[in-house]
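First up is the structure itself, then whatever we jot down about it.
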Amino acid sequence: MPFVIHIDLMELALKGILIGIIASAPMGPVGVLTVQRTLNKGRWYGMITGCGAAVSDIIYALITGLGMSFVMDLITSPQNKFILQLSGSLLLLVFGVYCFRSDPTKMIHRSGNRKGSLIHNGLTGFLVTFSNPLIIFLFMACFAQFAFVIPDHPVEMSFGYFCIVVGALLWWYGLTWLIDMVREKFSDNGIILINRVIGSIVIIFSLVMFVGTVFNLYTFSYW
């Protein structure tokens, strides 16, 4: 009898949105650029920069998902799924520690006051993000931990990837709104603080998922 995967679309949507937020939230080069453009040019210039980054993110998410779909048959075994999710938790932990300790303000040039077109701002946001293929490892960690990739279900996976874009856009919308509200008080220290808060959240989240994964292993052993 073939293995059947039950798909909960609401759960898949929540996973996709969360992955989109996790991939976008750290204050890397494009995050700093978005903040600077929001402060120097206006909120929607920052938002368009984030949209460009979201396009790059979904390209890398699709590449990651395609590669992982070839090995996801492993999750039919609870023990193999445990190893995959445990690895994802550890990778997220490493990412969270790196995010907490990094100073993103040193990694990018200053954005000038010259506005340019919205297309130009979006394109540069895309190129800055696309030039960092290491984000694939972050997607691998998220996809593994959330068991996001579902082989042989292209319609459902298309919906899941769409939700990743939604999560990314929600992050950029919220970030530019916040920066626009506190623009008179915002500085480089604010960028570092955001990064440390995000890093702390990812660290706590990864540890919770790590403990939960280990607990599930014990659950498997009773069946």
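Residues L12, L66, L18, L62: which one is free of Cβ contacts under 8 Å to residues at least 60 places away in the same chain and either closer than 25 Å to V197 by Cβ or of a type outside the set (D, E) (or both)? Even if it seems obvious, please write down each step before you answer.
Working: L12 fails: free of Cβ contacts under 8 Å to residues at least 60 places away in the same chain; L18 fails: free of Cβ contacts under 8 Å to residues at least 60 places away in the same chain; L62 fails: free of Cβ contacts under 8 Å to residues at least 60 places away in the same chain.
None of the other options fit; the residue is L66.
What about I17, is it modelled with pLDDT of 85 or more and surrounded by 23 or more Cβ atoms within 10 Å (Cβ to Cβ)?
no
Tallying residues that are more than 13 Å from the chain's Cα centre (by Cα) and more than 21 Å from L14 (Cβ to Cβ) within segment 134-173 yields 1. When S158, S206, S221 are checked against the criterion of being polar (S, T, N, Q) and modelled with pLDDT of 85 or more, S158 stands alone in meeting it. Take the conditions (1) in a helix (DSSP H, G or I); (2) within 21 Å of the chain's Cα centre (by Cα); (3) modelled with pLDDT under 80; Q36 misses just one of them, which is (3).
The values are calculated or read from the model by the stated rules, or taken from the named source; none is laboratory data. Everything quoted here is computed from the prediction, not taken from an experiment. Here the Cβ is made from the backbone with ideal geometry for all residues, glycine too, and neighbour counts use every protein chain on show.
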